[in-house]
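**Q** This is the structure, below, for whatever I ask next.
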Amino acid sequence: MSHEEERKLLDEARQGEVLEMPNNESTDKKVKKVYLESYGCQMNFADSEIVASILAKDGYITTKNIDESDVVFLNTCAIRDNAEQKIRNRLRDFQKIKKRNPGMIVGMLGCMAERLKHNVLEEEKSVDLVVGPDAYRDLPNLIKEVEGGHKSVNVLLSREETYADINPVRLDSNGVSAFISIMRGCDNMCSFCVVPFTRGRERSRDPHSIIKEAQELVNNGYKEVTLLGQNVDSYKWTEEDSEEKVNFSQLLKIVAAIDSSLRVRFSTSHPKDMTDDVLYAMAEHHNICDYIHLPVQSGSSRLLDLMNRGYTREWYQERIDSIRRIIPGCGISTDIITGFCSESDEDHQETLEVMRYSGYDFAYMFKYSERPNTAAAKKLTDDVPEAVKQKRLEDVIKMQHDLSFESNKIDLGKTFEVLIEGTSKRSAEKLYGRSSQSKVVVFPKGDHQKGDYVHVKITDCTSGTLIGEVVHPSTPRLQSTKK
Ligand code: 5AD
Ligand code: SF4
């Protein structure tokens, strides 16, 4: 895509009409209330905002009070067995509430709904409605079916659905940062992962609609967007009329150019697909945050092969080298699974080594949980004893604790630009925000506000938080998008 075409896309977004926010006041029907509870990944939380928007057009408003709701939706996760158990326990609570409020409709949305399909209705008597991630446009009809006395299910997956035209209703928003979904599904087929089965084939969203959504957020005072996809590096779009292609690094640059005071983040990157182009785009644009979530899963090339991850330990470490070379000081986080099929002590040691090599700032760490119908469930044996999985998880958590603490100690005395997200949970006298590297920074309130950018000098830290003071006078944020 040429510069001229990038410009055209941006101009189009700026001139575009202001997207209509759902407006329930104009409906004279009785306003109905929906209670939405979301589990799992950021994508699921973003999907709940799409669900709220679809229902708003049908006259629903969202409520935080389950007792006054007409419809209750659990947007579920199926990634590990314990995620599903949590949902089942929550359904027990709903069963009790239903006794008090028999007209209440209970729906299961998302990945667990997609995985279990019609079986949910047999296994969970409190559920009236089962809807997979690609069928949310059908929700108003499905609710009507339930109101007519039938249980209803739509778990059809789509090759096209991206909800591109739907303007999400921002739920639980701090008014500062928002998610923008840029693609759906996943084609990677990591052998342990249920996502390709629950979210279907990978498809990218029209960049025009992404830019429009980002522009709308800027117009509404938002200061940060996170572009979401299971594997953002494989984002690709071909314009129908011109055959012009847009890849992820180009999309990043276009979104960054919308407004130099809008921070742009993204998740998740895949080590096999993350190109230097993306890293150069980050280095060039001050407002693309210096932070990458790059799941390694394991440090053993043998296990990575069994996991069908498409890279070796050496390849992964080379990607880390490139990040460090092109974006010095970049924040890096990861996902790690302990106790995958046939994992030996040596494999586990390699995971600890790759953690140390990468010097992660943060990690999400899990014990392997076999998921039905995945390649690992079909072809490999879940043979690492639970106690060993647990012990290795503890080793990995300990290693990460040390790495996070080391990384934070290196920041002592440095000054970071922080976007303020709100009041600290521990003290009303303090605010918190994030650095570009995605570290949480806490500092005295002064006369600063949520949504402000401030420069904070770090004076102290824990393994999870940087603590500091606003440097006076606070330097105004650079207006240039160049570093
Ligand atoms: N067991 C444990 N962890 C898993 N993940 C995905 N599938 C499983 C599983 N079956 C983890 C991976 C992935 C993250 C979102 O969840 O680390 O990156
Ligand atoms: Fe699952 Fe792998 Fe796709 Fe991530 S990239 S969603 S781990 S299949």
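**Q** Run lengths n ≥ 4 of DSSP H only: what is the helix-derived mean residue ellipticity at 222 nm for the chain, with -39500 (n - 2.57) per run over all residues, to the nearest 500?
**A** Details: 15 runs with 171 residues, N = 483.
That comes out to -11000 deg cm²/dmol.
**Q** Sticking with this one: Rank by packing, highest mean first: peptides 422-433, 162-173, 261-272, with packing defined as the count of other Cβ atoms within 10 Å averaged across residues.
**A** On the way: 422-433: 15.4, 162-173: 17.6, 261-272: 21.2.
Result, highest mean first: 261-272, 162-173, 422-433.
**Q** Hey, another quick one. Starting from the Cα of SER173, move 7 Å in the Cα-to-Cβ direction to define the label point; list residues of region 396-439 whose amide nitrogen is under 20 Å from there.
**A** Of the residues in region 396-439, 419-423, 433-434 have backbone N under 20 Å from the label point off SER173.
**Q** Given a Förster distance of 30 angstrom, what is the FRET efficiency for SER242 paired with TYR280, based on the Cβ-Cβ distance and rounded to 0.05?
**A** Values: r = 25 Å, r/R0 = 0.82.
Efficiency computed from Cβ-Cβ geometry: 0.75.
**Q** Using DSSP H assignments, which helices in the chain have an axial alpha-carbon span of 15 Å or above and a mean Kyte-Doolittle hydropathy of -0.5 or higher?
**A** Those that clear 15 Å and a mean of -0.5 are 42-56, 207-219, 248-258.
**Q** Next up: Normalized C-alpha radius of gyration of the chain, against 2.2 N^0.38 Å? Mind showing how you got there, number by number?
**A** Working: Rg = 23.0 Å, N = 483, 2.2 N^0.38 = 23.0 Å.
In units of the 2.2 N^0.38 Å rule of thumb, it is 1.00.
**Q** What is the Cα radius of gyration of region 177-410 over 2.2 N^0.38 Å, N being its residue count? Please list the in-between numbers first.
**A** On the way: Rg = 18.6 Å, N = 234, 2.2 N^0.38 = 17.5 Å.
Rounded to two decimals, the normalised Rg is 1.06.
**Q** Further question on the same structure: What does region 40-87 give for Rg and for Dmax, in Å, if only its C-alpha atoms count?
**A** 12.5, 35
**Q** Could you order peptides 246-258, 228-240 by the average number of other Cβ atoms within 10 Å of their residues, highest first?
**A** On the way: 246-258: 22.8, 228-240: 18.9.
Most protected by this proxy first, the peptides run 246-258, 228-240.
**Q** Going from the alpha-carbon gyration tensor of region 78-126, what semi-axes, largest first and in whole Å, does one get by taking the root of 5 times each eigenvalue? Display every interim value, and only then the final one.
**A** Numbers: eigenvalues 81, 29, 14 Å².
Sorted largest first and rounded, they come to 20, 12, 8 Å.
**Q** Using only Cα atoms, locate the centre of region 237-311 and the centre of region 347-416, then give the distance between them in Å, rounded to an integer.
**A** Taking the Cα centre of each part, region 237-311 and region 347-416 sit 22 Å apart.
**Q** What pairs in LYS212/LYS253; LYS223/LYS245; LYS391/LYS425 have C-alpha atoms more than 24 Å from each other? Don't skip to the answer; put the middle values down first.
**A** Numbers: LYS212/LYS253 15 Å; LYS223/LYS245 28 Å; LYS391/LYS425 32 Å.
Exceeds cut-off: LYS223/LYS245; LYS391/LYS425.
**Q** Can you list residues from other chains, or at least 5 along the same chain, whose modelled amide H is less than 5 Å from the amide H of HIS270?
**A** VAL232, ASP233
**Q** A further question follows. Relative to the compact globular guide of 2.2 N^0.38 Å, what is the alpha carbon radius of gyration of region 415-473, as a ratio?
**A** On the way: Rg = 9.9 Å, N = 59, 2.2 N^0.38 = 10.4 Å.
It is 0.95.
**Q** For region 115-214, what class follows from the C-alpha gyration tensor (a ≥ b ≥ c being the square roots of its eigenvalues): rounded when a/c is under 1.5, otherwise prolate if a/b is larger than b/c, else oblate? Could you put the intermediate results ahead of the total?
**A** Details: a/c = 2.03, a/b = 1.36, b/c = 1.49.
The shape class here is oblate.
**Q** Now for a different question. Straight-line reach from LYS389: which aspartates and glutamates have a Cα under 16 Å away, not including same-chain ones fewer than 8 places off?
**A** ASP81, ASP335, GLU343, ASP345, GLU346, ASP347, GLU350, GLU370
**Q** Using the C-alpha gyration tensor of region 358-428, what are the square roots of 5 times its eigenvalues, in whole angstrom, with the largest one first? Can you show the working numbers first?
**A** Details: eigenvalues 267, 53, 31 Å².
Ellipsoid semi-axes (Å, largest first): 37, 16, 12.
**Q** Further question: Based only on Cα atoms, what mean projected area does the convex hull of region 114-172 have, in nm²? Walk me through the numbers before you get to the answer.
**A** Details: hull surface 21.1 nm².
Convex hull of Cα atoms, orientation-averaged projection: 5.3 nm².
Laboratory data are not the source of any read-out in this text; all were calculated from the coordinates shown. Just so you know, these numbers come straight off a predicted model, no measurement behind them. Ideal geometry is used to build each Cβ from the backbone, glycine not excepted, and the neighbour counts take in all protein chains shown.
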